[in-house]
Each structure stands twice: as structure tokens, then as C-alpha cells.
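**Q** Dropping a structure here in C-alpha cells format, bear with me for questions.
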Amino acid sequence: MKILMSTDMEGCAGIFHRELQISSPTPEEWAKSLRMCTGEFVAAAQGAWAGGAAEIWIHAAHDIDVEMLPPGVQVIRGMRLWDEIVYREGNFDAMVVVGQHGGAHLEDCALSHTGLPSWQIEASTGFQQGWLRQVAPQIGELRPGEFSTVRKVWLNGRLCGETSLIMTTAAGFGIPTACVCGDSHACAEAQTLVSEVETVPVKWGYHFRGARMLSPAGAREAIQVGVEQALKRLPEIPLLPDGPQEIRMQYVHPERADRSARWPGVRREDDHTVSATAPSAQDMLALRFLFARPADALEGPTAREDYEPPEWLSHSS
């Protein structure tokens, strides 16, 4: 059994503050963040082996302390999870998701965002009053709109976070999601899509920078047990059905909608919202420009996006 492990950072136990731990940390804090999240990836790998896995590929969405990884694990670095090669060339039997967080629309979720940093950063009192710069001078000056990008995302009419996007895309390549570990919202979202999926919540949010969490050691223990159970009952976990996939994006700033609407096949719904429909779950990867960072989308389609829109997108409306 060959397993793809999709790993994020914001859903890991011990991680609760974006600037201090992820986006602008000191070297010491960053090293600590890597140890905490990599520890969960290692626990998931141990659980996967106990559950019958023969080969494990870990895709590191942020970064990873590779020296902590045990022998027998392969790690994918320098590739986005939106890259088709990650799914297609692996010929995986199942996916395990670790460190997953809730979507940008959630208020009671630490580090909530979907694809890009949450609108809640810009809306927070700490941002408005400059509190972040007082406690973390290395951040420097923050400008409105620099971080905040996506307010809400819908997949086929359902308000969603990254969990749905990842699970649906993997299913398009024939890969069922066996287990989702991370924030309680991510786990609940996974079970909304596939009730049989195993989930391991390790964090329960209070607000954007506050949560109750398992200890890192407790999270590792729970993840190892959960992943093992999931793979042992993999035949019971169905694959999401394929078909057309509509993504709707509501941005914080209308300028972001302006930029996305310049791409072929994108419908402008209102000042802040655009939508596009992919013929299948695999084709959702071609819509990754909807989640591009502002600097990569200033003029709509540009060479910086580094790919040509497929023919179906150029002819859709």
C-alpha cells in the first residue's frame, strides 16, 4: 500500500500564532515550529506502517525538518500540492492529511485561512493597533491587504476550506482520503464530505490567534493510533464521486476579484466574488491562479504563473 501524506503546519498542536511562529518568526521559534509539525508527520508515518503501508511520500506544504524523518519515508519539497505531478506519478492507494486547519470564513478557528492568509488578520485589533509590531519587531511595517486575501470559498455551493479542496482533488486522481488530522474544523469538514473518513482533532480554536490544543506528545500519540486505524479499514472508506467542480471565491479586496476575472473562463459575480467551473476534479488544478498571491496576479495571466491555461478553460464561460 502506497500512501501520499499531505502536510500543513497551521493545524498542528502547538502552532497558534501566524506571525510569531510561521510567517515572521525568529530562527528559534521557526526551528521549534518545524519540530512540532514534523513530529506529527513522523507519528502519522509510524501509524501508516502499522496500518499496512509499504511506501510513504510526505508532501511538505510549508517546510519540514528532514533530519527528523525515519528511514523509509520519501519527502516531496519544492512542489505545490496544486502540481499535478504530485498526484499522478505516485500511483497512491490513499491519502493521509496532517496539520490541516479550518477555512478563512471561520471565526472560532486558530490560523483559519483558505489557500492564502485569512481576512481575519486584517480585521483583528492587533493588526489595527500595531500590537504585532510591538511584540515582534522583526515583522516591520504591515500594510492593509498585504496578508489578507480570501474571505470565503465555496466548492460546488458548499462553504469550504482547504480540506475539501485537497480531498476532492485527490479523489479526481483515484486517491481516497483515509484520515484527516488537525484542527477540529478541518476534521468536521472532512466528515461532511465523507462520513467514513477517520479524523484526529488535536486543536480546538477560540479565535484567530487562540486555541486549546493537545500537547505535542499527546497529538503524536493520537495521530499514530488514528492513521493506523484508518488504513486498516481503508476498504470501508469511499472515494468521492467525480464530475464538474465549481469554485467560487470571495476576496477581501475588489482588486483581487478584478485580477482573477481577467483569466479566461472566470465569471465575475459581484465586486468581491468570482467563480469558475472545472470539468472534473483533476481539472481543478488549472484553477490554482484563483488562489495566487497578489504579486502573482497583478495583471491577470502573466509569465509569472508559469503555465498555459488549458483549452477547456480558454473556451469556458
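**Q** Considering only residues that are crowded, with 24+ Cβ neighbours inside 10 Å and among the hydrophobic types (A, V, I, L, M, F, W, C), look in the range 1-25 and name the one that is nearest to the chain's Cα centre (by Cα).
**A** Among residues in the range 1-25 that are crowded, with 24+ Cβ neighbours inside 10 Å and among the hydrophobic types (A, V, I, L, M, F, W, C), the one nearest to the chain's Cα centre (by Cα) is M9.
**Q** For the range 257-274, which positions are modelled with pLDDT of 90 or more and touching a Leu at 6+ places or on another chain (Cβ under 9 Å)?
**A** G265, V266, V274
**Q** Now, a different point. Given the conditions (1) among the basic types (K, R); (2) in the same structural domain as T168 (by TED's automatic domain parsing); (3) modelled with pLDDT under 85, report the number of the one that R293 does not fulfil.
**A** Of (1) among the basic types (K, R); (2) in the same structural domain as T168 (by TED's automatic domain parsing); (3) modelled with pLDDT under 85, only one is false for R293: (2).
**Q** Something else now. Could you grab me the full set of residues in the range 45-104 that are more than 30 Å from Y206 (Cβ to Cβ), acidic (D, E), in contact with a Lys or Arg (Cβ under 9 Å, 6 or more places away or on another chain) and free of Cβ contacts under 8 Å to residues at least 60 places away in the same chain?
**A** E55
**Q** Scan the range 3-10 and give yes if some residue there is in a loop (DSSP other than H, G, I, E, B) and among the small types (G, A, S), otherwise no.
**A** No, that holds for no residue.
**Q** Separate question: Give me the pairs, please: first residue somewhere in the range 14-29 and assigned by TED's automatic domain parsing to the domain that holds C181, second residue anywhere and at pLDDT below 85 and among the charged types (D, E, K, R), beta-carbon distance under 9 Å, and either six or more positions apart or on two chains.
**A** Between residues of the range 14-29 that are assigned by TED's automatic domain parsing to the domain that holds C181 and residues that are at pLDDT below 85 and among the charged types (D, E, K, R), the close pairs are S24/R18; P25/E19.
**Q** Sticking with this structure for a sec: Checking N91 against (1) of a type outside the set (V, I, T); (2) modelled with pLDDT of 90 or more; (3) surrounded by fewer than 24 Cβ atoms within 10 Å (Cβ to Cβ), which single condition isn't satisfied?
**A** (2)
**Q** Ok, one more. Could you run through the range 186-240 and say how many residues are under 21 Å from the mean Cα position of the chain (by Cα) and of a type outside the set (A, V, I, L, M, F, W, C)?
**A** Number satisfying all stated conditions: 19.
**Q** Name the single residue that is farthest from G182 (Cα to Cα) among those in the range 61-102 being among the aliphatic types (A, V, I, L, M) and assigned to a helix (DSSP H, G or I).
**A** I85
**Q** Name the pairs: first residue in the range 203-220 and touching a residue at least 24 places away in the same chain (Cβ under 8 Å), second residue among the aromatic types (F, W, Y), Cβ to Cβ under 8 Å, at least 6 apart or on different chains?
**A** These pairs meet every condition: K203/F16; R209/F16; G210/F16; A211/F16; A211/W204; M213/F16; M213/W204.
**Q** Here is a list: E28, E40. Which entry is buried (at least 22 other Cβ atoms within 10 Å of the Cβ) and out of contact with any Ser or Thr (no Cβ under 6 Å at 6 or more places or on another chain)?
**A** Exactly one of E28, E40 is buried (at least 22 other Cβ atoms within 10 Å of the Cβ) and out of contact with any Ser or Thr (no Cβ under 6 Å at 6 or more places or on another chain), namely E40.
The values are calculated or read from the model by the stated rules, or taken from the named source; none is laboratory data. Here the structure is a predicted model, which is why all the values come from computation and not from measurement. Please note: Cβ atoms are built from the backbone with ideal geometry, for glycine as well, and neighbour counts cover all protein chains shown.
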